[in-house]
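Heads up, the thing below is written out as structure tokens.
The values are calculated or read from the model by the stated rules, or taken from the named source; none is laboratory data. Just so it is clear, the model here is predicted, and its values are computed rather than measured. For neighbour counting, all protein chains shown are included, and Cβ atoms are generated from backbone atoms with ideal geometry for every residue, glycine included. Ligands, DNA and RNA are stripped out before the accessible areas are found, and what is left, the full protein with its side chains, is counted by its heavy atoms. Shrake-Rupley method; radii C 1.70, N 1.55, O 1.52, S 1.80 Å.
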There are 2 protein chains.
Amino acid sequence: MAAVSIDLEMKRFTNEAFVEKAKKLEGKLIENLVKPAGIVTVDEKGKIHPGAKLEDLPGMLLKKGDSVVLDFEDHQVGYVSLKLKSAGSPQDAPAYLRLKFGEIAKELIEKSEEYNGWISRGWIQEEYIHIDVLPVCLKLPRRYAFRFLEIYVVDTSLKYQVVVEEVVCRAVSAVSKEGVACVADPRMSQLDKVSLRTLQNCMQSVFEDGPKRDRRLWLGDLRLQALTNYETFKNYDMVKRCLYLFGGLTRDDGAIGACLFTEPEYIVDDTFLFDYSLFFISTLKDYYEASKDLETLKDLWQPAYRQIELARERFNDNYIIEGSDTFWCFVDWKKGLDKQASAQAIYIYTLNAAIELAKILGKEELAKQLQEEKGYCISAALKYLWDEKLHVFISGAKRQVSYASQVWMVLAGVKKDQEAGALLKHITEINPDMGMVTPYMNHHYVEALILCGEKKMAVDYMKYYWGGMLSYGADTFWELYNPENPEESPYGSSAVNSYCHAWSCTPAYLLRKLEKEEKTNGISCN
Amino acid sequence: MAAVSIDLEMKRFTNEAFVEKAKKLEGKLIENLVKPAGIVTVDEKGKIHPGAKLEDLPGMLLKKGDSVVLDFEDHQVGYVSLKLKSAGSPQDAPAYLRLKFGEIAKELIEKSEEYNGWISRGWIQEEYIHIDVLPVCLKLPRRYAFRFLEIYVVDTSLKYQVVVEEVVCRAVSAVSKEGVACVADPRMSQLDKVSLRTLQNCMQSVFEDGPKRDRRLWLGDLRLQALTNYETFKNYDMVKRCLYLFGGLTRDDGAIGACLFTEPEYIVDDTFLFDYSLFFISTLKDYYEASKDLETLKDLWQPAYRQIELARERFNDNYIIEGSDTFWCFVDWKKGLDKQASAQAIYIYTLNAAIELAKILGKEELAKQLQEEKGYCISAALKYLWDEKLHVFISGAKRQVSYASQVWMVLAGVKKDQEAGALLKHITEINPDMGMVTPYMNHHYVEALILCGEKKMAVDYMKYYWGGMLSYGADTFWELYNPENPEESPYGSSAVNSYCHAWSCTPAYLLRKLEKEEKTNGISCN
């Protein structure tokens, strides 16, 4: 399914003052020069094996068809330079190289010319380069997200070979791991380390959803990145910058976009998702709680509240939301997932945040109205979306049973405490076909478990789910992971999957949340 | 056959003073901004047909799989810039383009991934380019030789399309056609025009053999380019520069290379060809005749004469040259051609030049010795290489009969006047399997005809041979052309053939030579 939204008639509205504030908040990136740590080979299953010694690299004479895979040992985001020279007779023809960057090794064995997914093949990090004159210091102009770099010699000539003298990556991020306290439980340190690396490498000029793809600010990702950031890197300015961008760049009716672009200019996309727009309110609430920055809250309350007004239009007279067949609400990439119940719950969830913010801003009357509305929405959910026989929330005309519906109803507080815990246990036992494929949805499942006090279940699930990615050698957490089908992709090919994805960084947040609740103290990571 | 010479043990000798003189003679390139003249389509046979209107280009929204072929109407050598923007929704993925440059339209339909020739695939003028941010003015860093540019959109995304707003080529050459008088006979003007364009586009920092391939100074090409240049562009400094480079960059025994490189530094290749080394003498003689530059002649006499000394070592006691199975002497790309007789003749041909130069330099004694040696070589040729029964020169142990042997024996003066004319007519009647595939060899055939006074035959042959390329729409003359097999390539694939090749520019020289002999005057080309 091509989940794409296009609205060429859309009119945009820019709040220049907000955008100006956002621009001023752009930070300077921290740079680190990183060299490859070794040479590996990649087998036909995408597994890596030790290759030649790295110190032998400058002595390797690469001719037509030869290749070498450099391993940078950890996930990097940055700009790569290659120092190349020729060996043999004088270079009598252009060298023709293919450079392929892989966040995971499997990307190196996927044939891009066979790619047939519905998102752009342009995301595959592969360059074909002619070099007319060797030696050269080849400074690649694009930024890559990778651990592995394959240098494949398409052709030289019979007279000369290519020699790779040195490869360096100028790695970039807005934040450094220095000073970030790590989790207390050493058994969780790997989960935490990989989460932190994931978030770090997604923090660039803005919070990106993934440095390989889409390299872009999405609201759904931002919300989880911000939560994790408050517990770790504590870069409040970047959250503030992103909030001002979303608040300052809207549709002419005030709708906040699902994502926005920072290049070639700051512009909001023509994609609007019911849940993502509403999450502006939650993200603003979380930001205020972490920063106590009342000025920003005051500034952004109006665009935040506007999302409630716009979302409200989707409800029928029974206070039940009406979905559609289009790409209207995200929730998860699970194919066939009906979003109605989740959307109903997410509206209630964001009403909670809006009520809190209204109170902080002294808008008691509005808070009261919203409280009342929330009551109606909850009642409607229980009346129309709760299946008394099955003891689960159902969604859509076909009364679909999914994890997502239960998780969001719990997070929204439609079911609470023991009832909520029982519901989550019940859905886990049923284990419906409508499961969860993204770490994003899985995060909400764990968060719901924690909310119900099911801490052991939460920790065990993190070990099972994010730990599953670790068992595949993940250096950063992936955009998609289905333990039952690790190669699953919503795009028609895993070649374009992102393997360092913002919405997957939350174990660092969830673990600290659990620790806080247990009142243990962190120890330094460094 | 991979005709490659490699000598990694080779020691080089540099005459710094000569190289310094050469460096100082480097001229400034003349630049012209050229825009496409139209849009065409290319059918499966490589034929072009009118396409959309050029003025509609900025309105064409190119999506995945779309392409457009721009026609620059004439052969260009230069640097290309593309002004690109996006249309539709914001650009949500890198644009991925393939740019393919073709000197002839057929290059655009040849699949480079299927190329399996023995010279480098790197010569195919094709770039795969990711563009992260549109709009962009894409300045391609490499120089291309082309008339056609295909812009093929490998992928965009479902949300946006690529728009080509403008394409410009900054065409470069050391010379301009302004002021070059064209040939008197208007029926020959197209032949002349295409010859001139061929030479013009090969004249860059040095005389290149071909601006697509090898983009390099070869002595065999230089000789013919220089001859044509004296009659047309009259850029004596470039010839002088190239002579000083060859004379200043030799093997440690003084052998002059077949070709040399100007980047990354001035360096002679490790390819040595018997005929090419000797042609340094002919080229020096031609240069002196055209320029009367005695200082250069004095400087370069020693390296020139050294080629005679080295070539002499290949002769046996009977004054007959001994060939070898390796790539030792060029003559032509004709597969299976035995080079013995041609080489014997070329030695005599260059002895003629050496004798003339020795006399100019007052080296009477040496001139006399060379004259004597020439006599022995001619006698030996007539004794051992002339087949009295067949009335042709034969070559090698298998007594091969070829055009090349007869042509070179005539050019060397081994057969003269009517005898020579009869020999050329005879070989043309026999039309042996060992024909001629390069315009280089065909040039020598025509030159030999003119030498024998067979002017009509010469003109008719030019019309047939170079005119044959014109009938295929040539804007510049090709490296290879076999009228009986126009797609022939010595490289295993015509995809890497050069279609603007120095050694093919000589009709402009031959026509003027004929006119001079007829004492007619040229009229201005402009």
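Anything in region B:251-272 that is more than 14 Å from chain A (Cβ to nearest Cβ) and out of contact with any Ser or Thr (no Cβ under 8 Å at 6 or more places or on another chain)? List them, or say none. Even if it seems obvious, please write down each step before you answer.
First, pick out the residues of region B:251-272 that are more than 14 Å from chain A (Cβ to nearest Cβ): B:252-256.
Residues satisfying the conditions are B:ASP252, B:ASP253, B:GLY254.
State which residue is surrounded by the fewest Cβ atoms within 10 Å (Cβ to Cβ) when the search covers only region A:284-331 and only residues that are of a type in the set (S, T, N, Q) and touching a Phe, Trp or Tyr at 6+ places or on another chain (Cβ under 8 Å).
Here is the first cut: in region A:284-331, the ones of a type in the set (S, T, N, Q) are A:291, A:296, A:302, A:307, A:316, A:318, A:324, A:326.
With touching a Phe, Trp or Tyr at 6+ places or on another chain (Cβ under 8 Å) added as a condition, the list becomes A:291, A:296, A:307, A:318.
Working: A:SER291: 16, A:THR296: 19, A:GLN307: 24, A:ASN318: 12.
The selected residue is A:ASN318.
Name the pairs whose Cβ atoms lie under 7 Å apart, with the first residue in region A:379-406 and on the phi > 0 side of the Ramachandran plot, the second surrounded by 14 or more Cβ atoms within 10 Å (Cβ to Cβ) and of a type outside the set (Ser, Thr, Tyr), and 6 or more positions between them or separate chains?
Filtered contacts from region A:379-406: A:GLY396/A:GLY323; A:GLY396/A:ASP338; A:GLY396/A:GLN340.
Being within 19 Å of A:ASP74 (Cα to Cα) and open to solvent by 20 Å² or more (accessible area, probe 1.4 Å) narrows it down to one of A:TYR499, A:TYR464, A:TYR472, so name that one.
Numbers: A:TYR499 fails: open to solvent by 20 Å² or more (accessible area, probe 1.4 Å); A:TYR464 fails: within 19 Å of A:ASP74 (Cα to Cα).
The conditions single out A:TYR472.
Of the residues that sit in region A:7-20 and are surrounded by 14 or more Cβ atoms within 10 Å (Cβ to Cβ) and assigned to a loop (DSSP other than H, G, I, E, B), which one is nearest to the other protein chains (Cβ to nearest Cβ)?
My answer is A:MET10.
Against the definition (open to solvent by less than 10 Å² (accessible area, probe 1.4 Å) and either out of contact with any His (no Cβ under 7 Å at 6 or more places or on another chain) or not small (Gly, Ala, Ser) (or both)), how does B:VAL154 come out, yes or no?
Numbers: open to solvent by less than 10 Å² (accessible area, probe 1.4 Å): no; either out of contact with any His (no Cβ under 7 Å at 6 or more places or on another chain) or not small (Gly, Ala, Ser) (or both): yes.
No.
Pick from region A:475-490 the residues that are of a type in the set (D, E, K, R) and more than 13 Å from A:MET441 (Cα to Cα): which of them is least open to solvent (accessible area, probe 1.4 Å)?
From region A:475-490, those of a type in the set (D, E, K, R) are A:475, A:479, A:484, A:487-488; that's our starting set.
Then keep just the ones that are more than 13 Å from A:MET441 (Cα to Cα); that gives A:475, A:484, A:487-488.
Numbers: A:ASP475: 31, A:GLU484: 151, A:GLU487: 113, A:GLU488: 56 Å².
Across region A:475-490, the extreme among qualifying residues is A:ASP475.
Being within 30 Å of B:GLY65 (Cβ to Cβ) and free of Cβ contacts under 8 Å to residues at least 24 places away in the same chain is the requirement here; does A:GLU113 meet it?
On the way: within 30 Å of B:GLY65 (Cβ to Cβ): yes; free of Cβ contacts under 8 Å to residues at least 24 places away in the same chain: yes.
Yes.
Out of region A:379-414, which residues are in a strand (DSSP E or B), open to solvent by 10 Å² or more (accessible area, probe 1.4 Å) and either acidic (Asp, Glu) or within 22 Å of A:TYR461 (Cβ to Cβ) (or both)?
Here is the first cut: in region A:379-414, the ones in a strand (DSSP E or B) are A:386-387, A:392-395, A:400-402.
Filter once more, so that each one left must be open to solvent by 10 Å² or more (accessible area, probe 1.4 Å): A:386-387, A:400-401.
Within region A:379-414, A:ASP387, A:VAL401 meet the criteria.
Which condition number in (1) free of Cβ contacts under 8 Å to residues at least 60 places away in the same chain; (2) farther than 25 Å from B:GLN406 by Cβ is the one that B:VAL496 fails?
(1)
For the condition in the same structural domain as B:ASN318 (by TED's automatic domain parsing), in contact with a Phe, Trp or Tyr (Cβ under 9 Å, 6 or more places away or on another chain) and farther than 20 Å from B:ARG306 by Cβ, what is the one hit in B:ALA345, B:ALA354?
Values: B:ALA354 fails: farther than 20 Å from B:ARG306 by Cβ.
Answer to the selection: B:ALA345.
Has region A:191-212 got any residue that is under 30 Å from A:TYR305 (Cα atoms) and among the charged types (D, E, K, R)? Please lay out each step first, then the result.
Residues of region A:191-212 that are under 30 Å from A:TYR305 (Cα atoms), as a first pass: A:199, A:202-210.
Next, only the ones that are among the charged types (D, E, K, R) stay: A:208-209.
So far as region A:191-212 goes, yes, one or more of its residues are under 30 Å from A:TYR305 (Cα atoms) and among the charged types (D, E, K, R).
Got at least one residue in region A:163-183 being buried (at least 18 other Cβ atoms within 10 Å of the Cβ), of a type outside the set (A, V, I, L, M, F, W, C) and farther than 22 Å from A:GLY27 by Cα?
Within region A:163-183, none of the residues are buried (at least 18 other Cβ atoms within 10 Å of the Cβ), of a type outside the set (A, V, I, L, M, F, W, C) and farther than 22 Å from A:GLY27 by Cα.
Give me the helices (runs of 4 or more DSSP H) completely within region A:415-526, filtered to those with at least 1 residues that are under 15 Å from the mean Cα position of the chain (by Cα) and more than 15 Å from A:VAL194 (Cβ to Cβ), ordered by residue number. So that I can check it myself, show each step before the final result.
Values: elements: A:417-430, A:439-451, A:455-471, A:507-517.
In region A:415-526, the matching helices (runs of 4 or more DSSP H) lie at A:439-451.
For region B:115-148, which positions are within 9 Å of another protein chain (Cβ to nearest Cβ) and among the basic types (Lys, Arg)?
B:ARG121, B:ARG142, B:ARG143
Test A:VAL4 against the stated conditions and say whether it is of a type in the set (A, V, I, L, M, F, W, C), surrounded by fewer than 20 Cβ atoms within 10 Å (Cβ to Cβ) and either within 14 Å of chain B (Cβ to nearest Cβ) or not in a helix (DSSP H, G or I) (or both). Steps first, please.
On the way: of a type in the set (A, V, I, L, M, F, W, C): yes; surrounded by fewer than 20 Cβ atoms within 10 Å (Cβ to Cβ): yes; either within 14 Å of chain B (Cβ to nearest Cβ) or not in a helix (DSSP H, G or I) (or both): yes.
When the stated conditions are applied, A:VAL4 passes them.
Open to solvent by 50 Å² or more (accessible area, probe 1.4 Å), within 30 Å of B:VAL206 (Cβ to Cβ) and in the same structural domain as B:ALA93 (by TED's automatic domain parsing): which single residue out of B:LYS64, B:LYS35, B:LYS53 fits that description? Steps first, please.
Values: B:LYS64 fails: within 30 Å of B:VAL206 (Cβ to Cβ); B:LYS53 fails: within 30 Å of B:VAL206 (Cβ to Cβ).
Step by step, each of B:LYS64, B:LYS35, B:LYS53 is checked, and only B:LYS35 is open to solvent by 50 Å² or more (accessible area, probe 1.4 Å), within 30 Å of B:VAL206 (Cβ to Cβ) and in the same structural domain as B:ALA93 (by TED's automatic domain parsing).
Is it true that A:ALA448 is modelled with pLDDT under 95 and crowded, with 22+ Cβ neighbours inside 10 Å?
Working: modelled with pLDDT under 95: no; crowded, with 22+ Cβ neighbours inside 10 Å: yes.
Answer is no for this residue.
From the list A:SER189, A:SER195, pick out the single residue that is surrounded by fewer than 18 Cβ atoms within 10 Å (Cβ to Cβ) and among the hydroxyl-bearing types (Ser, Thr, Tyr).
Criteria check complete, one pass: A:SER189.
Counting just the residues of region B:80-108 that are among the small types (Gly, Ala, Ser) and more than 14 Å from chain A (Cβ to nearest Cβ), which one comes out most open to solvent (accessible area, probe 1.4 Å)?
Just the residues of region B:80-108 that are among the small types (Gly, Ala, Ser), to begin with: B:81, B:86-89, B:93, B:95, B:102, B:105.
This time we only want the ones that are more than 14 Å from chain A (Cβ to nearest Cβ), so: B:81, B:102, B:105.
Details: B:SER81: 32, B:GLY102: 0, B:ALA105: 9 Å².
That would be B:SER81.
Return the pairs, sorted by first residue and then second, in which the second residue is of a type in the set (Asp, Glu) and open to solvent by less than 40 Å² (accessible area, probe 1.4 Å), the first residue lies in region A:347-360 and is closer than 20 Å to A:SER405 by Cβ and in a helix (DSSP H, G or I), the beta carbons are less than 7 Å apart, and the residues are 6+ apart or on different chains.
Correct list of pairs: A:LEU351/A:GLU373.
Look at region A:214-244 and say how many of its residues are crowded, with 24+ Cβ neighbours inside 10 Å and either within 14 Å of chain B (Cβ to nearest Cβ) or of a type in the set (Phe, Trp, Tyr) (or both).
4
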